[in-house]
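Read through the structure below, which is laid out as structure tokens, and then see the notes.
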Amino acid sequence: MADAATPRRYLQDHSNGMEALLRTIRFAEGTWRGGTTEEGYQVIYGGRLISEVLPGSDPFSDHPQFVVVKQSALNSSAAGAYQFLGTTWETWAGWLGISDFSPRRQDQVARRLVRHRLSDAEEANIDKGILTREALHQLAPEWAALPTHSGASYYGYGQSVKSWDQLKAFYDKQLALLNRETEA
């Protein structure tokens, strides 16, 4: 395990390339929702919102930790902008010392998961604003909606995935927007 200073790096570091990738993951997972509201951060598996399923509760207090069963016999505890499984959230939020499920914290855990999954070369590419098929392939075991080299989900159970062309176009558009904001 890394020393106590290591988690802080992952709580704070990011580049426009990383931010564009996070937006692209949300787009692939179906939680982007235009990116202008916090609504996408409370989506649970199947598309409903935490606030609809647990009315009156704070949707950002913690991962909801319940399993949604769909008629197709698929079930998942995925929730939030990055569709974190309950066990994934518990592990990484615990390691990073995160105690809520706020949009900021979801972004921080997603950033850490990306860096954990990517090779050094692909991490450097992302930080430079370069998205490759290899990067998506390396991230596919974490996010089922991202394509492997074959173009299918890593999990192969009929999971809907966006094509490389769709994801690359979305990434490039988001990167351009972020770069313009940074220059302004």
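Only the coordinates and a few stated rules stand behind these numbers; no lab work does. Only a predicted model underlies this, so the values are computations on that prediction, with no experimental measurement involved. So basically every Cβ, Gly included, is an ideal-geometry build from the backbone, and we count neighbours across all protein chains shown.
Evaluate E = 1/(1 + (r/R0)^6) for Gln65 and Asn179, where r is the Cβ-Cβ distance and R0 equals 41 Å; express this FRET efficiency to the nearest 0.05.
0.60
Along Cα→Cβ, 7 Å out, is where each label goes; now give me the distance between the ones at Tyr155 and Thr87 in nm to one decimal.
Calculated label separation equals 1.2 nm.
Could you give the radius of gyration (one decimal) and Dmax (whole number) of the Cα atoms in region 49-126, in Å?
Every Cα atom of region 49-126 included, Rg and Dmax give 14.2, 45 Å.
Can you give me the pair-distance distribution of region 119-158, C-alpha pairs, 5 Å bins, whole percents?
Bin by bin from 0 Å, the calculated values are 6, 29, 28, 19, 13, 5, 1.
For the pair Leu49 and Asp172, how long in nm is the line joining their label points, each one 7 Å along Cα→Cβ?
Distance between the two pseudo-spin positions: 3.4 nm.
Sorted by mean Cβ packing within 10 Å, highest first, what order do the peptides 25-31, 116-122 take?
Descending mean neighbour count gives 25-31, 116-122.
Summing -39500 (n - 2.57) over the DSSP H runs of n ≥ 4 in the chain and dividing by its residue number, what mean residue ellipticity at 222 nm do you reach, to the nearest 500 deg cm²/dmol?
About -14000 deg cm²/dmol.
Could you pull out every residue, at least 5 positions away or on a different chain, whose amide H is within less than 5 Å of the one on Ser77? Hs are placed 1.01 Å off N in the peptide plane, and Pro or chain starts have none.
Val68, Gly86
Relative contact order for the chain using alpha-carbon pairs under 8 Å, separation at least 6, rounded to a whole percent?
Over the chain, the number comes to 24 percent.
So what's the Cα pair-distance distribution over region 99-177, bin width 5 Å, in %?
For region 99-177, the binned pair fractions read 3, 16, 21, 23, 22, 11, 3, 0 percent.
Under 13 Å from the Cβ of Ala145, count the other residues' Cβ atoms, weight Lys and Arg +1, Asp and Glu -1, and hand me the total.
Spelling it out: positives minus negatives among the neighbours equals 0.
When the scattering of region 6-183 is computed by the Debye formula from its Cα atoms alone, each counted once and equally, what is log10 I(q)/I(0) at q = 0.13, 0.16, 0.19 Å⁻¹?
-0.63, -0.97, -1.38
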